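The values are calculated or read from the model by the stated rules, or taken from the named source; none is laboratory data. Please read these numbers as outputs of a predicted model, since none were measured by experiment. Please note: Cβ atoms are built from the backbone with ideal geometry, for glycine as well, and neighbour counts cover all protein chains shown. We work out accessible area using only protein heavy atoms, side chains counted, and drop any ligands, DNA or RNA first. Shrake-Rupley method; radii C 1.70, N 1.55, O 1.52, S 1.80 Å.
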Amino acid sequence: MKVSYNELQGLCRKAFLGLGFEDGDASDAADMVAWMQLHELDGLEALNRGLDYLLAEQHAQEHAPVQLYSDGDLAVLDGQGHSVLRSSSLALELGFAKARARGLSVIKIRRCHNRQLIMGYLARIAGRGMNVTAFWRNAQAPEGSDQPPLTEQVVGFRANSSVPEIRVYAVKEVPEENEPNDGITLVFANHVDLLPSMRSEFDYELLARHEESTLLACRERAMLDGIPINDGVWNRLKDLAARILVESTDASRGGAGAGVTDND
């Protein structure tokens, strides 16, 4: 099936409200998913993979990231294992403010997931005149698996550009280190383009490449023809959205409309 951008954003917003997001956060998260789907970057698939985590997170007492370190142009935050839909907006605003003051800043968010969905937030920052690039590694595949042993993804926006350039590649020379691959690094620069460029002496395999022109064409096509949606994911979002509907009672029905004096 195909839907409009507004239909997708509206249902996603209701689904996030059903997951316990505050109203503003739900609107932001819905924009992020719809933005990715509009540019044929599989935002709904990324969301669907993370829905079980989001369901588990909804009863957590604290969702905001915790600052572990900060100076004039660097900050390290703990995402507390939550989705970037919950933990990245404040981090990006912090990076933006530091870069405006210092020219360049670096923000590291540790212990977060759904990192793919951060792209829509980056688009907002770029739209405010900031060059911004995100880098993260995916967890290594088990030994003997057909999947690449380690993948890295770089997403770079030029200042004032509505679409990024994206590179995804497999690293064949796996480093000997024990750090978990559950974080994301964000680099902000006032005056310097930070677009990904494949110039490495290490052995790697390019898995995906998205140019700005390609993503602009995807957006134009989706706006004209509609956005393709998986029926199963759409129905799952509708089920989550139904959580915000309150069943009517005699009391609520009795309280509807004007009061006895018709002056309220």
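Descriptive notes on the structure:
- Residue check for residue 52: free of Cβ contacts under 8 Å to residues at least 12 places away in the same chain and surrounded by fewer than 17 Cβ atoms within 10 Å (Cβ to Cβ): yes
- If you go through the stretch 99-109 and keep only what is hydrophobic (A, V, I, L, M, F, W, C) and either surrounded by fewer than 14 Cβ atoms within 10 Å (Cβ to Cβ) or closer than 13 Å to residue 76 by Cα (or both), you end up with 101, 106, 107, 109.
- Checking each residue in the stretch 58-98 for being more than 22 Å from residue 31 (Cα to Cα) and surrounded by 20 or more Cβ atoms within 10 Å (Cβ to Cβ) picks out 75, 77, 98.
- Pairs linking a residue in the stretch 9-21 that is under 18 Å from residue 38 (Cβ atoms) and free of Cβ contacts under 8 Å to residues at least 24 places away in the same chain to a residue that is open to solvent by 10 Å² or more (accessible area, probe 1.4 Å) and in a helix (DSSP H, G or I), with Cβ atoms under 7 Å and 6 or more positions apart or on different chains, are 13/27.
- Subset of the stretch 221-246 that is assigned to a helix (DSSP H, G or I) and β-branched (Val, Ile, Thr) - its residue that is farthest from residue 15 (Cα to Cα): 233
- Those residues of the stretch 213-231 which are surrounded by 15 or more Cβ atoms within 10 Å (Cβ to Cβ) and either acidic (Asp, Glu) or farther than 22 Å from residue 158 by Cβ (or both), in sequence order: 226, 227, 229
- Candidate set: the stretch 147-160, residues that are open to solvent by 20 Å² or more (accessible area, probe 1.4 Å) and farther than 12 Å from residue 206 by Cβ; chosen: the one modelled with the lowest pLDDT: 147
- One residue stands out among those in the stretch 16-45 that are surrounded by fewer than 20 Cβ atoms within 10 Å (Cβ to Cβ) and more than 24 Å from residue 245 (Cα to Cα): the one that is farthest from the chain's Cα centre (by Cα), which is 40.
- Condition check for residue 123 on (1) surrounded by 14 or more Cβ atoms within 10 Å (Cβ to Cβ); (2) at pLDDT below 95: one failure, at (2).
- Hey, residue 8 open to solvent by less than 10 Å² (accessible area, probe 1.4 Å) and at pLDDT 95 or above or not: yes
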